[in-house]
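Read through the structure below, which is laid out as structure tokens, and then see the notes.
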Amino acid sequence: CIWHTLGATSLLTALSTPSALIPPARSYVLVRALGFPVALLNTAMWGVCMGHQDPATPLTVNLLSCVLNVLGDWWLCSMMGFGIVGAAWATVGCMYVSAVVYPLSMILRKRNYLDNLKGPIDLGCLR
């Protein structure tokens, strides 16, 4: 996130962004940078589900996230007038919703993903 903050303008300049578009593009990049850590978490959760041969959970979470993103884009951009920054906030918000829905979906499906973990560390306290 620090790299995005310090290097957003440099990145946009390197990508030959027209100077008139740099301020809104920089705002978009900075807001989207807030979603980077949770994007990594969502990717890890997707991998856990797929590793346990559970494609239904990622499909459900991604469908929900996409619908919320479209609604958030419409509301923040069209109704509230936030423009491109509204689109960024809608996307980041949906990323955080996905990060909450993944574990809730696993709990509701009553799948215990920690049962088959084997390794040098005892993870029994996480069950």
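Being among the hydrophobic types (A, V, I, L, M, F, W, C), farther than 13 Å from MET95 by Cα and touching a Pro at 6+ places or on another chain (Cβ under 9 Å): is that true of CYS49 here? It would help to see each step written out before you state the result.
On the way: among the hydrophobic types (A, V, I, L, M, F, W, C): yes; farther than 13 Å from MET95 by Cα: yes; touching a Pro at 6+ places or on another chain (Cβ under 9 Å): yes.
Judged against the criteria, CYS49 is a match.
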What number of residues within segment 69-90 are on the phi < 0 side of the Ramachandran plot, among the small types (Gly, Ala, Ser) and at pLDDT below 95?
1
Residue satisfying condition, being of a type outside the set (Ser, Thr, Tyr), touching a residue at least 12 places away in the same chain (Cβ under 8 Å) and within 26 Å of ARG109 (Cα to Cα), within set ALA39, ALA8, ALA33, ALA87:
ALA39
Just to be sure I understand the filter: pairs with C-beta atoms under 6 Å, separated by 6 or more residues or on different chains, first member in segment 54-65 and part of a helix (DSSP H, G or I), second member among the small types (Gly, Ala, Ser). Which pairs pass?
THR57/SER105; VAL61/SER98; SER65/SER98
Please state which of the following conditions ALA25 fails to meet, knowing it meets all the rest: (1) surrounded by fewer than 16 Cβ atoms within 10 Å (Cβ to Cβ); (2) more than 24 Å from VAL97 (Cβ to Cβ).
(1)
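Specify the residue that is modelled with the highest pLDDT; the eligible residues are those in segment 49-68 that are open to solvent by less than 60 Å² (accessible area, probe 1.4 Å) and hydrophobic (A, V, I, L, M, F, W, C). Before the answer, list the steps.
Of all residues in segment 49-68, those open to solvent by less than 60 Å² (accessible area, probe 1.4 Å) come to 49, 54, 56-58, 61, 65.
Next, only the ones that are hydrophobic (A, V, I, L, M, F, W, C) stay: 49, 56, 61.
Working: CYS49: 87, ALA56: 86, VAL61: 92.
Here the residue is VAL61.
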So which pairs qualify, if the first residue must be in segment 11-29 and more than 19 Å from THR91 (Cβ to Cβ), the second must be basic (Lys, Arg) and open to solvent by 50 Å² or more (accessible area, probe 1.4 Å), the Cβ gap must be under 8 Å, and the two must be at least 6 apart or on different chains?
none
Any idea which of (1) surrounded by fewer than 19 Cβ atoms within 10 Å (Cβ to Cβ); (2) within 12 Å of the chain's Cα centre (by Cα) is the one THR13 doesn't satisfy?
(2)
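The values are calculated or read from the model by the stated rules, or taken from the named source; none is laboratory data. Just so you know, these numbers come straight off a predicted model, no measurement behind them. When we count neighbours, we look across all protein chains shown, and the Cβ atoms used for this are built from the backbone with ideal geometry, even at glycine. What goes into the accessible areas is simple: the full protein's heavy atoms, side chains included, and nothing from ligands, DNA or RNA. Shrake-Rupley method; radii C 1.70, N 1.55, O 1.52, S 1.80 Å.
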